[in-house]
Each structure stands twice: as C-alpha cells, then as structure tokens.
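Single-structure report; data block below.
The values are calculated or read from the model by the stated rules, or taken from the named source; none is laboratory data. The model shown is predicted, which means the values in this text are computed figures rather than measured ones. Here the Cβ is made from the backbone with ideal geometry for all residues, glycine too, and neighbour counts use every protein chain on show.
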Amino acid sequence: MTDASVPSQGTPHEVLAGLGDLTRRVRAAQRGTWFPLLLLGALTLGGILVSRFTFEVLTVPCPAGDAATGGGCTLYRQGSPVYWPIGLALAYAATAFFYIRRTRNRGVGTPVRPYVLTGIALVGLVTATAFWSFRHGLVRPGDPVDLLGLRLDPTSGATQFLERLAGNATAVGLPLLVLSWVERSRALLLLTVVYLAIELVPLTTGWAGISATSPWSALPRFGVPGLLLLLGALGFRLAELRDRRDVS
C-alpha cells in the first residue's frame, strides 16, 4: 500500500476568510433596506398634505374661570385617524412582498419576518390608541388627556412625551430597530436612533417661519423625519448598487 497526499484546500485562515466573504455576500444579497425606508419616507411626507387638507378651526367652551369664557376658546385640529394605520399597514405588506420576491429571484432567504410582524403589531397598538382618542372627542382646554383609560395632565412633559411615543416613534422607529438587528446593519441602527430622537424631541415651528396655527404647521413635524428616511433610502440604494458592481 502506498501513501497518497490529498491536495490541500487551503489553510484554516484562508477557509475562514472565504467563509467570511461568503457570509458578507449573502447578507448583501438579503438586504433591501432602501425599499421600506422609501415607503416610510413617502408616507411621512404625505402626512403633510393630509394634515393640511384636514385642518379645522373649532370654537369650544373655555375652562371655568377663564376670562374668555363668554366668547369661547379656539382650537385647531388636523390629521386623519385612518391615514396612518392604513398607510403603515400597506407599507409593511408591500415590504413583505418585496422581500419575498427578492428571495425568489436571488435564491437567498431573508429573515424579514420579524420586522414585518413587529410593524403590523405596533400599527395595531397605535391604531387602538388613535381610535380611543378619536372616540372620546377633542380634548377641550383644561380637560385631562385620556390615553387608553389613563387620565393625564395635558401640560405635563411626561404626557407630551407619551403622546409622541405612541405615534410614529412606535409604529415606525421600533420596527426599524428590529430591521437593523435582522440585517445586522450599523448604518440603519444609527439612522433609526436619529429618527427616534427627532420623533421624541418636540420640534417647534418657529425655526421654519410657520405659525403653530397655520394649516401648514405639520410641515416641520413630518418634513424633517420624512426627508431623513428618504435620504436614508437613497444612501442604502446607492450602497447596494455599488456592492452589486463590486461582486460582478
């Protein structure tokens, strides 16, 4: 019997390097971060027009003891209780369809399910909160804010923070955190942290030269995060095209 040498397939270091390169290529093929960011950015900017065309000026009784009680107090209301729930649900459904189609075209699975399921669950929670508020009507001056049965002081900073948290910070920001974990993307994590900071820190309209009583008062509130999401979508799309050219 003679001994025969088997050709070496490479050193352990080379094998590990090859596996690392293959892992990076698979992750790049799985990612489609630009698409959900594009949908969410467009939806957010659309909120500007919805707020503009649903703008109302209402006169309600003033709180007891107010000097202006005889003439009533003026309140401004804008926004639709159905725009965000329907829009976000469609955005998450379209994202799921996009990733499933990409999986079939490229033959590489994608773990996007946690992102979509988280988004839909949180949209349901935000929708319940919105319809609860809509059911109890417009909050008059001096009345407590009814948030899912909790009667909160409207002038409290904690109440204002909870109101902002119960909006897009939850329905958009938290699912994006899940997506950054699913795709293991530090860039998306950084973008999401900035987005959450914008949503949770109140943006006044003074810097934009728009009065708080203007029909366009929602422009800064939706314009800034909307543009951030669209710029993020553009950046991730350009990075994906660059990676595709490098692979080819």
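Laid out as a table, the results:
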| read-out | value |
| --- | --- |
| Boolean, LEU196 is farther than 20 Å from PRO81 by Cα, crowded, with 19+ Cβ neighbours inside 10 Å and at pLDDT 70 or above | yes |
| Only one of LEU147, LEU122 that is touching a helix residue (DSSP H, G or I) at 6+ places or on another chain (Cβ under 9 Å) and modelled with pLDDT of 80 or more | LEU122 |
| Close pairs (6 angstrom Cβ cut-off, 6 or more residues apart or separate chains): part of a loop (DSSP other than H, G, I, E, B) in region 177-201, of a type outside the set (D, E, K, R) and crowded, with 16+ Cβ neighbours inside 10 Å anywhere | none |
| ASP153 vs. criteria more than 21 Å from the chain's Cα centre (by Cα), surrounded by 15 or more Cβ atoms within 10 Å (Cβ to Cβ) and at pLDDT below 85 | no |
| Whichever residue in region 204-248 is at pLDDT below 85 and among the aliphatic types (A, V, I, L, M) and, among such residues, is farthest from LEU45 (Cα to Cα) | VAL247 |
| Those residues of region 96-119 which are in contact with a Gly (Cβ under 8 Å, 6 or more places away or on another chain) and modelled with pLDDT of 85 or more, in sequence order | PHE98, TYR99 |
